[in-house]
1. Tell me, Kirkwood radius of the range 75-131 from alpha-carbon pair distances, in Å?
2. Using a 1.4 Å probe, what is the accessible area per residue for the range 336-376, in Å²?
3. In the chain, what percent of the accessible surface is made up of carbon and sulfur (1.4 Å probe, ligands and nucleic acids excluded)?
4. For K278, K266, give me the order by solvent-accessible area with a 1.4 Å probe, most accessible first, ignoring ligands, DNA and RNA.
5. Read phi for every residue in the range 193-204 and hand back ³J(HN,Hα) as whole Hz from Karplus 6.51 cos²θ - 1.76 cosθ + 1.60, θ = phi - 60°, with x for Gly and Pro.
6. Got a sec to turn the phi values of the range 378-387 into Karplus ³J(HN,Hα) couplings, 6.51 cos²θ - 1.76 cosθ + 1.60 with θ = phi - 60°, whole Hz, x for Gly and Pro?
7. Cα axis of helix 305-319 to longest principal axis of the chain: angle in degrees, 0 to 90, nearest 10?
8. Heavy-atom accessible area of H378 with all protein chains present, probe 1.4 Å, nearest 10 Å²?
Amino acid sequence: MWLRRALYRQFVLASRTQDTLARRLTPAGRLAAGVLVGAMVFGPNTRLTVSYQVFAFAMTLLVLAAVLTLRGPRGLELRRRLPRFASVGEPLTYRVLVRNPTATARAGLSLLEELEDPRPDFATFVAAREPDEARRNWFDRKVAYHRWAWLVDQRRRLDVAEHALPTLPAGGGVEIRVTATPRRRGRARFRALSVARRDPLGLVRALRWQAQPDTLVVLPRRYPLPPVDVPGTRRYQPGGITLASSVGESEEFLSLREYRPGDPLKRIHWRSWARARKPIVREHQDEFFVRHGLVLDTFVATPTATFEDAVSVAASFAAGVRAEDSLLDLMFVGAQAYVFTAGRGVGHVERMLEVLAEVGPCHERDFGALHRLVVERHTVLSGLVCVLVAWDDARRALVDHLRALGVPCLMLLVSEDARLDAELAAAGVRRLAPGRIAEDLARL
């Protein structure tokens, strides 16, 4: 453990140094730094080479540039305006208002975003397992640099480049459009905005940091779906009158009538009782409506690319639900079994996509928990869309059980293994190949 802790500290130190240099040095500054390191390596012997002169020149330039950028640009007011959501695979554009309340015009400035630190803590570093770790050699497993790099990459939600600011007039302001690239689903947390000014040599940036905490939900990638008709009919929903709202075949309230022994007290209409001087209850008509289930398999060891594709497939079906016609229940297992419902009068599809943006692998339970959840709810569901990430005895048992219960299902498996095609076809399961998800979905 002491070795792992020492390596972790070295990774953190190296990563922080790299990030600091990347933000402070311009492209020309990084070139000068590269020349400096090269001259230092090849020029120790001053009698055999003149590289030491290049070293001295590059060092002088960088030191001078650093001295000229000790003080960052001050006096500016910044305000970021984010949308509510972004989506993986779709460019994000938002606005930043920059105001110059000083009496001097400001030019030659740029804007940089300060995002949440992607470096994991020590406990996460020790507990995590990189997807390819089992195939790496003994040295790589002990040092665990690949694990570190994978964790940092997993936690980077957005890429935001430096944006040049136009000349800011005295006492005025401008609104600029900032373009970012969403890389991974989840919550992207913004810490601050930095205004940068390059030194006269163009090597080093002077930064002025302003706290601007904010959060943006990055939704999963979604694919266009063909018209998919999940089979199934309207089902009776026990206690579903309030839940149905206006998607059922009738309004929830039908009429008033006299009280009968056994009627629940919550249905008593107190005003009518006061007028008629005898117990009066509200009568409701049973509700029948279409209600589909969307089942996501979360039982993987690590968030692999296959799992991310499965989440994207589930998000595609969630986004394609017609809320005015039916309800959709999203079912998956994490620390516990979860069911989220979207449809008119019940919930919003955006909320379901937000849930999918943060769903992760389940390590606390086995696949049987999802099997039980689906079977318990099958009586109220018109049909099911199941998105699986593996094919084994547990998944076969779920498919066979649903078929025996007569539940109409669209079973999808995200897998690279083409050898399963014959068995999957016999079981009524369609395979979606990673890298060809859009094409395979279009053929449904």
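The values are calculated or read from the model by the stated rules, or taken from the named source; none is laboratory data. Just so it is clear, the structure is predicted and the values come from calculations on it, not from any experiment. Methodologically, a virtual Cβ is constructed for each residue, glycine included, from the backbone with ideal geometry; neighbour enumeration extends over all protein chains shown. Heavy atoms of the whole protein, side chains included, go into the accessibility calculation; ligands, DNA and RNA do not. Shrake-Rupley method; radii C 1.70, N 1.55, O 1.52, S 1.80 Å.
1. Numbers: mean 1/r = 0.0634 Å⁻¹.
Computed over Cα pairs of the range 75-131, the Kirkwood hydrodynamic radius comes out at 15.8 Å.
2. Values: 2090 Å² over 41 residues.
About 51 Å² of surface per residue is accessible.
3. Numbers: 12750 of 23760 Å².
Accessible surface attributable to carbon and sulfur in the chain totals 54 percent.
4. On the way: K278 85, K266 165 Å².
Of K278, K266, the descending order of accessible area is K266, K278.
5. Calculated HN-Hα couplings, in order: 10, 10, 9, 10, 9, 7, 6, x, 7, x, 9, 10 Hz.
6. Listing the rounded values in order: 5, 5, 9, 9, 6, x, 10, 10, 10, 10 Hz.
7. 50 degrees
8. Roll a 1.4 Å probe over it and H378 shows about 40 Å².
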